Amino acid sequence: MKLMRHLAIALLFITSGQLLADGHEIDYQALVENAHAKFKDVQDGNNADYIPILAEVDPELFGVVITLADGTTYMAGDTDHSFSIQSVSKPFTMALVMNEQGPQAIVDKIGVEPTGMPFNSIVAIEVNEQRSRNPLVNAGAIASVSMLQADSPEDRFQQIIDGFSAFAGEPLAVINEVYVSEAETNYRNRAIADQLLSYGRLYADPSETVDVYTRQCSIGVNGRQLAMMGATLANDGVNPKTGQRVLNENYVDEVLAVMLMAGFYDEVGIWAFKAGLPAKTGVGGGIVAVVPDRMSIVAFSPRLNEAGNSVRALMAIEHISNELGLSLFR
Ligand code: GLN
């Protein structure tokens with residue numbers, strides 16, 4: 001009996017992708033609005049301030065977006081506000097490197113294991129023989145930037161912004177004040193790049209690489225644009241809006257696997273436990289989660305918890321995941 005019921009539920013999902021277990025149509029607009037309403041008064045956490053300008057962003061901003069794999073989009077709250085993509089950029093650069101060099105290059109030259117340590121940990125580089133460890137902590141993300149085959153720093157950055165724009169299906173641009181603020185203060189990332197170079201795990205000039213990485217982190221996205229980037233991953237690497245193939249279809253699962261194992265840094269265990277979705281966070285307050293073949297869920301709000309993950313954004317996405325039973329392990 002139970003088996004029959006499970007089969008019936010599975011069939012409903014397969015045939016329509018739009019129905020809940022009880023046969024009702026999913027009201028995605030109500031879902032994003034409810035998630036927004038439920039968490040908008042949460043005041044926990046603080047804006048990132050080690051990048052001075054991020055401390056000045058209005059902490060009350062909060063947006064929630066679902067974009068289905070066909071591009072249909074549902075939004076609530078501050079979804080037009082452009083924020084810096086920060087570490088949410090990291091899986092997309094990983095994707096660009098894989099397009100060029102294949103997935104094994106990521107395994108060989110960076111690694112795909114979680115660190116269990118903060119995103120900018122120097123200790124993690126010392127204690128793990130792979131050094132950079134995975135492309136979603138700063139060390140591995142800086143190494144990813146250095147892996148792109150480029151003739152000049154301008155060319156390296158152009159490949160990144162062109163690639164991200166293709167993921168978003170529209171042109172993106174750097175938020176210059178964020179770039180300047182981070183470039184003036186990113187001593188730690190400079191140390192990480194030098195440290196990697198000393199271990200033979202950086203593949204281009206360290207100062208040039210950190211500068212391009214900093215520009216990459218300063219690229220502005222709003223919730224809608226980031227959700228389209230995520231929907232491109234949900235749609236097997238094809239942008240649903242433009243129809244352009246942005247990521248080799250064979251590599252999408254590797255990107256999502258690394259997001260599941262490392263997208264929330266040292267909180268990735270509790271995230272997998274509670275939401276069960278590959279996702280990536282950034283200190284600008286953005287989070288993108290991907291449900292393969294179905295949708296991306298994005299939320300943005302500047303206040304971060306201790307691990308550097310947006311408090312309201314993670315609550316909103318976790319809530320939607322639970323409402324729809326989206327955990328990959330269900
Ligand atoms: N640009 C930021 C840094 O390198 C990105 C960190 C993050 O979003 N977790 O520190």
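If you go through region 47-62 and pick out every residue that is away from the ligand (no atom under 14 Å from the Cβ) and either of a type outside the set (A, V, I, L, M) or in contact with a Lys or Arg (Cβ under 9 Å, 6 or more places away or on another chain) (or both), you end up with 5.
Among the residues of region 180-196, those identified as within 25 Å of I125 (Cα to Cα), in contact (Cβ under 8 Å) with a residue 12 or more places away in the chain and not charged (D, E, K, R) are A183, T185, N186, N189, A191, I192, A193, Q195, L196. A count restricted to region 63-120 and to residues that are in a strand (DSSP E or B) and away from the ligand (no atom under 16 Å from the Cβ) stands at 11. Evaluating A307 against the criteria (1) surrounded by 19 or more Cβ atoms within 10 Å (Cβ to Cβ); (2) of a type in the set (A, V, I, L, M); (3) in a loop (DSSP other than H, G, I, E, B); (4) within 14 Å of the ligand (Cβ to nearest atom) leaves one unmet condition, (1).
Does region 155-169 contain any residue that is assigned to a loop (DSSP other than H, G, I, E, B), at negative phi and either exposed (fewer than 14 other Cβ atoms within 10 Å of the Cβ) or within 13 Å of the ligand (Cβ to nearest atom) (or both)? Scanning region 155-169, I find no residue that is assigned to a loop (DSSP other than H, G, I, E, B), at negative phi and either exposed (fewer than 14 other Cβ atoms within 10 Å of the Cβ) or within 13 Å of the ligand (Cβ to nearest atom) (or both), so the answer is no.
Take V88 and decide whether it is touching a strand residue (DSSP E or B) at 6+ places or on another chain (Cβ under 8 Å) and either closer than 26 Å to M261 by Cα or among the basic types (K, R) (or both). Spelling it out, V88 is indeed touching a strand residue (DSSP E or B) at 6+ places or on another chain (Cβ under 8 Å) and either closer than 26 Å to M261 by Cα or among the basic types (K, R) (or both).
Here region 25-45 is the region considered, the condition is being part of a loop (DSSP other than H, G, I, E, B) and under 19 Å from T72 (Cα atoms), and the residue that is modelled with the lowest pLDDT is I26.
Just the residues that are in contact with a strand residue (DSSP E or B) (Cβ under 8 Å, 6 or more places away or on another chain) and assigned to a helix (DSSP H, G or I), please, taken from region 194-223. Working first, answer last.
Within region 194-223, the subset in contact with a strand residue (DSSP E or B) (Cβ under 8 Å, 6 or more places away or on another chain) is 215, 217-223.
Within region 194-223, R215, C217, G223 meet the criteria.
When we screen F264, F300 for residues that are surrounded by 22 or more Cβ atoms within 10 Å (Cβ to Cβ), touching a strand residue (DSSP E or B) at 6+ places or on another chain (Cβ under 8 Å) and closer than 15 Å to V32 by Cβ, the only hit is F300.
The values are calculated or read from the model by the stated rules, or taken from the named source; none is laboratory data. Quantities reported herein were computed from a predicted structural model and do not represent experimental measurements. All Cβ positions, even for glycine, are placed from backbone atoms using ideal geometry, and neighbour counts span all protein chains on display.
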